[in-house]
1. For a footprinting-style exposure proxy, rank 116, 87, 73 by other Cβ within 10 Å, fewest first.
2. Only counting other Cβ atoms within 10 Å, I'd like 80, 114 sorted with the fewest neighbours first.
3. With 10 angstrom as the radius, rank 52, 134 by how many other C-beta atoms surround their C-beta, starting from the fewest.
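Here, each number is a calculation from the coordinates, and none is a lab measurement. Treat the numbers as computed from the prediction; the structure is a model and nothing was measured. FYI the Cβ positions are ideal-geometry reconstructions off the backbone, even for glycines, and counts take in every protein chain you see.
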Amino acid sequence: MRQARKGRTNLICRIDVSAFLSIQIVLLVMFMVRVSDVPDLPKNGTDDPKVFHFERMPRANREDAIVLSVLRDGDVWLGYHRSSVADLPNQIRAAISHGSERKVYIHADAHARYRDVRAVLCAVRSAGVENVAFFVYDKKEFQSLKQ
């Protein structure tokens, strides 16, 4: 005759995380593929001027901010897309009509030609935007990073 166990049950004292880990791996692969498709921002290729007196611009981090980049070889980028100076006024007007702020932020490489930057500024003005800001580095912070 078999005796019945009294009051004793076999509890499982472990958590099965295999489903959680498989979902994490799938998400990791998806983000890795997505990030490799996005081109580098042109501002990463610019060598911004360094100044002692600057002003922080937190509104430049908004999604709908109009950010222009002028590279040292004369290429002009509007956000993630390469553009020509002739197309800039229409593109800026379109961005403003979609709700962007009437301010343009410019990443101008420190070694860019003045005529390239001037042509971009003229295009911005012809779009009807008078409020322009240039991105620069704080010279003090930059010197402390170099050391």
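1. 73, 87, 116
2. 114, 80
3. Numbers: 52 8, 134 17.
Least crowded to most crowded, the residues run 52, 134.
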